[in-house]
Each structure stands twice: as structure tokens, then as C-alpha cells.
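Below is one structure; the comments refer to it alone.
The values are calculated or read from the model by the stated rules, or taken from the named source; none is laboratory data. Just so we're clear, the structure is a prediction, and the values are computed from it rather than from any experiment. Here the Cβ positions follow ideal geometry from the backbone for every residue, glycine too, while neighbour counts run over all protein chains shown. Heads up: the accessible areas ignore ligands, DNA and RNA and are worked out on the full protein's heavy atoms, side chains in. Shrake-Rupley method; radii C 1.70, N 1.55, O 1.52, S 1.80 Å.
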Amino acid sequence: MKKLSFLFLFLFLTVTASAQDNSFKNKIYSISDFGKGLNTKVSSFSIPSNQGDIVENIRFNTKFGSLSKRSKILTYGTASSTEAITGIHRLYLNDGTKVLIVNHGDQIDTGNDNTGAFTKILDLTTGDYRWQWLTWNNIAIGMDGYNQPIKYDGSSASATYLGTCLATVTDTAGNPSGTYTYKVTFYTSSYEVAFNVASNPVSPSSKKVQLSMIPIGPDSYGGESVIGRKVYRVESGVWKLLSNGTIADNSTLTLLDDDATASGATYPTTYTCTPPKGKLCLIHYNRLFIANNPDEPSALYYSDDGSADYFVPSDYQFNIRPDDGDQITFIKNLKGLLVVGKENTIQKVYTDGATPSTDWSISDPFSNIGCRAMYSAQETPLGIVYLSNDGLYKFDGQNSYLISEVVTPEINDILESNLGYCWGQYYKSQYFMAYPSKKTSTAENNRILVFDMLANAYEIDIFSANCFTTFNSGTDWDVLYSGSSTDGKVYAHDSQTHEIRHAKHSDFSGTFTDARYIPTDVGGDANYPVIEIARTETIDELTGTIDDMVGSIDRDSLTGSYVSPALYTGASSYDKLYWNESLFSTGDNVTIAVRSATSDTTISTVSWSSEYSDPSGSDISAATADDWTQYRISLTTDDYDHSPILYNFVRLTYFKEPSSGETSIPIRWRSGYLDLGAPAYRKTLRKFYCYHSGSSGTLSIKFTMLDYNNTTKKYEEVTDTFNIDLSVYPEFYTDYFSNGALSGELLRIDITNDDLNPLTIDRIILVMDGEPII
């Protein structure tokens, strides 16, 4: 009996002591990983500490695990003050030319990288549709499904259409006067086949018209070899053959029109091969593929091998499940295969073999989860990412997988009636999708869902982007650009270098002194300038006795120079100078100097910089930069028998501070309700630490505790907010909670900041006490 009593007493004391000792003091809770992004699918009571249910204008790839404000979005320029940008493309040509092309309303423009100004290159018949573009065979090709597909060579004052030529008024006096368009045919011994597409219009006034980009016909037609083409011009509403319009080959690309009146044969229309219209385009198997013609939404067209102009729709066409009642919504290359997405299926077209009609085939569907938003589909390292009815999917070539479950409420927030306006872009291991939010009651894209593929994390950007492209080739850095969905502004989503690049005779329009580029009439190439020391006078302009002259017939000086015109750059600082040179002796040298000024009229009074001599990239960052820039090439030699040469190009890179495209970047990160590692305990927060980086502005951190009220039998919120002056505390801040205590069972942290200054949050540490569980 005594033993049992002792045992009972021992157990009682043990349990009592345990109940009294389950509190804790100065327990540390740390959040040092924010990197899993947005999660709105699960309950706010179940969200891990490294995720938030509000994640706006934030990136997780700047510093691993940290929370960083996204970069400031910069303004490239404004194409229209009232019309949204409906298409955007960066054209890169093999001579180094790069051109920004945008669509808005019923026109197509090109942008000037230095000034941000836009110039119209074509009026459209039908406006306000989305455009897709690609580059092939050194031209840009674009289409919207309603206008005839466009082609543009990157340098002309106008674009034109697939299936026709480009018309350009020359500076040379001639006979044509009026407003003209042109059409092209090809012919065999028995057939003449019309492309039946009118060119861009021109209005010469006693000037010749240069025709270029004249379409090439197929090798054969109707079993006969194609032996030539013909060019027609409209005269009083009737198409007539030009006097020199018969081109007796299938290769010439240019023709000069000098007819006062075209009076040849009438344009035939018995046989036609007009390029089809479509909303989607792709280069695959050395052919141009076009899909989603509004009149034939299940048709997939393909061009002749190597041609963008020649189609015979009845022959060069596949119908992808034409009776299933939906439309083609993407055509993409994946692992070397052509993948065709429709609204309800994804399948492949096998293009092995030279004869499409007999060698090519269409697979059965690989996936029955199709793409509902055609401009959302993007090729990524994960596969083709696209938007379906219930979320974002990736198609890996075999199956489709849902990848957006954690942000399902955001997918459900997309305005269904404008689902087709969603636009996706892959950029630096991230997938961006612009969409219209139902919560904001607007039909335009005003949110960007960003999926970080490396972190497997989502975030939301508060920004109105209608479409995207990337500047990612040639001398461009890899930078994301977008077109506004509310007006005609074009934005850069990061900063990059700008450049002056002179690589043609026409670029060197400044002043030569005892120097020249080798003229074309003595073997020079207008697209490959070679600058050397040389006389600037002709033989007839020389004075004196030729035998008494010093030097050679080609040059009379051991030095020469070229000074460029004043060039507007808006530069805030210079970066590098590049050029190609050939030196023939140790006495040869090529150097370049620069100078700048606030205006083109005062730059001639400014002193030149020191001479730069490294053609592979002279560092010119120490030179003063301003709005206007001028450079000087200096050539020196020690022998009249030869000259150093600068050839091919001069390239000057610089930075400028473009205007911001936004007045602030309002970031917000809000956690779920955290139990702080001690579920069921009532905690009292005593102190917190914040590790961050930011030079100015205010970082606000709001702490909200859910505390159970025994009187009301409800949980109530108790808050404490700290506004941190980052100019005073740029890296670290610590403070006690008000009155040294903020009590409750669950904690929510809400971080906000609203300015343009960079900001990163690395870690938050909490010090707390826990009350005993009774």
C-alpha cells in the first residue's frame, strides 16, 4: 500500500512539473528563405514560411533565398499616345543591323534605338489585331490573320507583303509620276502563275522606282521548269506589264521601273499561288509554316522549300483534325519535331522526306489538354509552356503536366472573354504571361504572372504589358521588352548598353581629310567600307607639276582622318570602342578619339579625348559623355607606299539613363499565418531583427498576431508596424515591439515598399516567449 502511494505521488509531481515547465523564454525564429514565391491555392494557415499569399513586383533569382524588388522598367519610346502595341519584334540581320518593329492600330513602325522615335513603314488594311513575327532569310515576316503577311528587309522606308516586291522611290530623275503598286507572276513555257498580291504603294514624282525582294518562283510548275517572272504596275485601275517587266530568269531580285506609262500585257489570274493569311507562323524544315487562318482555323500551310513567298494552299496544306470544332492555337519546334496545339489537343506533324504529300504524316493526339490562349505558348527548357482552361501546362513531347497549381486563384482571375489576349514570353529561365485581371474590371492586360523555372516559384508583376519580345542577339544584351496594353509605349524591363555602329559607306557621311573609303567604282563594297589614307582631290583638281609632287598618285600625306557628323546619343556614360584594322608596318597606326556636347551646334568647340588604340575594345569610360557624340579616326603611316586601313565597322557602346516607365514599384510580400515552430502556444514577440539592403526610401513591416478572445470566443488581430528609414538603416534594423510585447498564437508578416529604389530582404529574426499550455 505504501509503495503504491509513493508511486502515485511521484507520477503526480512529475505531471505537475511538466505542466509548469512547458513555457519557453527567448526562443528564436528565423525566416531566411523567401524563395518559393506565391502560393494562393492552400489555406493561409498552411502556407510554409518560404511562400506568401501576396507576392507582387518581387524576384527571387537576384540573390538565392532572398526577396528582391524587380528592376525598374524603362521607357524605350512611344509609337502612339492612344493605341496599344499589338505586336513587337527585334529583327537581326547578318550585316549587324538590328531593328525594332512594332504594330499598333492599323500601322507598322520601326523604332530608333538612340532617340526612341518611331517611323511608320506600312499602313494596314485592317487594324488592332495581335501580330506574330519571325526572322528568316534575312527578312522579318509578320502576320495577324487578317492582313496579307508582311515582309521587311530592315533598312527600307517601307515594308511590303509576301508574294510581291518592295517598291522604293529613288532619288534619280525618271518618268514615273503617280501612285503605284506592283504585282508579280512567274511563268513556264505553258503557264503564267500569279502571286496576286499588290506591293506597298509608292508615289513618285518624276522619279524612278526601285523594285526589290521580287519573289522567286518554284523550280517547276505543272511539270514544266519555271523560266522567268513578270512584273506589272497598276495603271488607272488596270494591271499592265512594265516595259522591262519580263525577267527571263528565276533568280534576279531587283528591277528599276522608269516607265511613264505601263502599257504591256494585262495581269493574268487564271493560275494563282497567293500566300495564305494566318495568325501563327514558324520556320521548320526550311519552310515557312502558317496556321490559324480565320476562314480555315484547322489548316496548316507550308511554303516551298527555302521560300517565304510560294504557297499553293490546296497542295501545300494539312488539315489538323478539321472536324473537332476548335482551332490551331500554336505551332512550335520541340526536339526537332513540329508540334501543333489546338484548343483541345496536341499532336505532331512528321516532316521527314522530300515530298510532303507522300512522306509527311500527322500523329494522333499526344495530349488532350490543349492550349486556349494562342499567344501564351512558348518554347522553354521544360518544354512548351501554354495556358489551358485550368492553368499553365508544360508539354514535354509526350505528355502535358500542370505546373501552376499553387496559383490556381490567379489563373481563375483571368478574364475569360479576353483569354486570347494573354501573351507569354520565355526569358532567362523565367516565363512571363501578361493577362487581364477580373478583379480590376479591365479588359486590357494589366498583370504579369512570372514563373521562375529554377526556383519553381511564381510572383505577380503589377504592370500593363500587351506583348513581349527579347533583345538577345548580335550586340544586344539579353533584355526583355514589352509593348503597353493601354497606349503605344515600348518598355525595357532592364537597362542595357546602346551603340553607334557604322558599317556601310552611307554611315560614313562626315568629313574626310586626306582619307577616304574605297569607292565602289574602283572595287569598294558599299556594305564593307575600307578607310585608308588617300588624296581627296581628283587628278584634274591637282595643281603644279605632277613630277614635282611629294608622295604617290594615291596619296600625298602620311596622315589622314575622318570626323563623323555629330550623332545624337543621349549618353550618360561611354563604355567601349571597337573597330577592325590592318597595319602594314610598325610605323602604321589607327586611333580613334571622341568628344561630346549638349548640342550639335557646340560640339565643334569641345576638345577631343585622348587617342584610343585598342581595336578589340578600348575602354572609353573616362571620356565625358553627353547628348551629342562625335568620333574621329586618325590614320598614320611612315611610308607613302602603303596605308593602314580601318575596315568593316566602327562601334561605340555607351549607357544612357532612359526615363522610367513607372513612378514607383509597389512591392508587397505577405506570409500565411505562421505558428513560429510552436503550434498551440500563445507567443509573445519581444524583439525582431531585419537584414536587408537598400539605400533610400521606407521599408514597412507589419506584424499581425491572431489572438483568441475568451470573451468573444473569436480570434482577433493585434498589429504592430515598423517603418524603417533605409537612408539611416541601409543594411540592418532591430527594434522591440511596442511595450515589449505582441501576443497571440499565429503570426502574419506583411512587407511593403513603394518607390523606385532597389531593395532586398535577406532575413527576419524574431525573439519570443511562450506561455505554458494548460
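Could you list, in sequence order, the residues of region 611-647 that are more than 37 Å from the chain's Cα centre (by Cα), open to solvent by less than 80 Å² (accessible area, probe 1.4 Å) and not aromatic (Phe, Trp, Tyr)? Spell out how you get there, then give the answer.
Of region 611-647, the ones more than 37 Å from the chain's Cα centre (by Cα) are 634-644.
Next cut, open to solvent by less than 80 Å² (accessible area, probe 1.4 Å) only: 634-637, 639-640, 642-644.
Those that are more than 37 Å from the chain's Cα centre (by Cα), open to solvent by less than 80 Å² (accessible area, probe 1.4 Å) and not aromatic (Phe, Trp, Tyr): SER634, LEU635, THR636, THR637, ASP639, HIS642, SER643, PRO644.
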Failed criterion for GLY397 (all others in (1) crowded, with 18+ Cβ neighbours inside 10 Å; (2) in contact with a Leu (Cβ under 6 Å, 6 or more places away or on another chain) hold): (1)
Spot the failing condition for ALA157; the list is (1) more than 22 Å from TYR267 (Cα to Cα); (2) touching a residue at least 40 places away in the same chain (Cβ under 8 Å), and only one is missed. (2)
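Is it the case, given these coordinates, that SER509 is in contact (Cβ under 8 Å) with a residue 40 or more places away in the chain, open to solvent by 20 Å² or more (accessible area, probe 1.4 Å) and under 18 Å from VAL594 (Cβ atoms)? Lay out the reasoning, then the answer.
Details: in contact (Cβ under 8 Å) with a residue 40 or more places away in the chain: yes; open to solvent by 20 Å² or more (accessible area, probe 1.4 Å): yes; under 18 Å from VAL594 (Cβ atoms): yes.
When the stated conditions are applied, SER509 passes them.
Can you confirm whether region 141-150 contains a residue that is of a type in the set (S, T, N, Q) and in a strand (DSSP E or B)?
Going residue by residue through region 141-150, those that are of a type in the set (S, T, N, Q) are 147-148.
Narrowing further to those that are in a strand (DSSP E or B): none.
Checked region 141-150: no residue is of a type in the set (S, T, N, Q) and in a strand (DSSP E or B).
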Check region 185-192 and report whether any residue there is open to solvent by 10 Å² or more (accessible area, probe 1.4 Å) and of a type outside the set (Ser, Thr, Tyr). yes
Counted residues in region 36-67 being of a type outside the set (D, E, K, R) and surrounded by fewer than 20 Cβ atoms within 10 Å (Cβ to Cβ) come to 12
Check THR135, THR125 and return the single one that is in a strand (DSSP E or B) and either out of contact with any strand residue (DSSP E or B) (no Cβ under 7 Å at 6 or more places or on another chain) or among the hydroxyl-bearing types (Ser, Thr, Tyr) (or both). THR135
Which condition does ASP171 not pass, out of (1) open to solvent by 30 Å² or more (accessible area, probe 1.4 Å); (2) of a type outside the set (S, T, N, Q); (3) on the phi > 0 side of the Ramachandran plot, if it passes all the others? (3)
Exactly one of ARG670, ARG686 is in a strand (DSSP E or B) and touching a helix residue (DSSP H, G or I) at 6+ places or on another chain (Cβ under 7 Å), and that one is ARG686
Residue check: is ILE749 in contact (Cβ under 8 Å) with a residue 12 or more places away in the chain and either open to solvent by 50 Å² or more (accessible area, probe 1.4 Å) or closer than 23 Å to ARG70 by Cβ (or both)? yes
Would you mention how many residues in region 512-534 are open to solvent by less than 30 Å² (accessible area, probe 1.4 Å) and without any contact (Cβ under 8 Å) to a residue 60 or more places away in the chain? 1
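Being among the aliphatic types (A, V, I, L, M), modelled with pLDDT of 95 or more, closer than 30 Å to LYS72 by Cβ and open to solvent by less than 50 Å² (accessible area, probe 1.4 Å) is the requirement here; does LEU766 meet it?
no
Keeping to region 477-487, report how many residues are free of Cβ contacts under 8 Å to residues at least 24 places away in the same chain and open to solvent by less than 20 Å² (accessible area, probe 1.4 Å). Quick ask: steps written out before the conclusion?
We begin by selecting, within region 477-487, every residue free of Cβ contacts under 8 Å to residues at least 24 places away in the same chain; these are 477, 479.
Then drop every residue that is not open to solvent by less than 20 Å² (accessible area, probe 1.4 Å), which leaves 479.
Going through region 477-487 one residue at a time, the tally reaches 1.
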Could you say whether any residue in region 488-502 is surrounded by 21 or more Cβ atoms within 10 Å (Cβ to Cβ) and assigned to a loop (DSSP other than H, G, I, E, B)? yes
Within the bounds of region 377-390, is there any residue that is over 24 Å from the mean Cα position of the chain (by Cα), open to solvent by less than 70 Å² (accessible area, probe 1.4 Å) and modelled with pLDDT of 95 or more? no
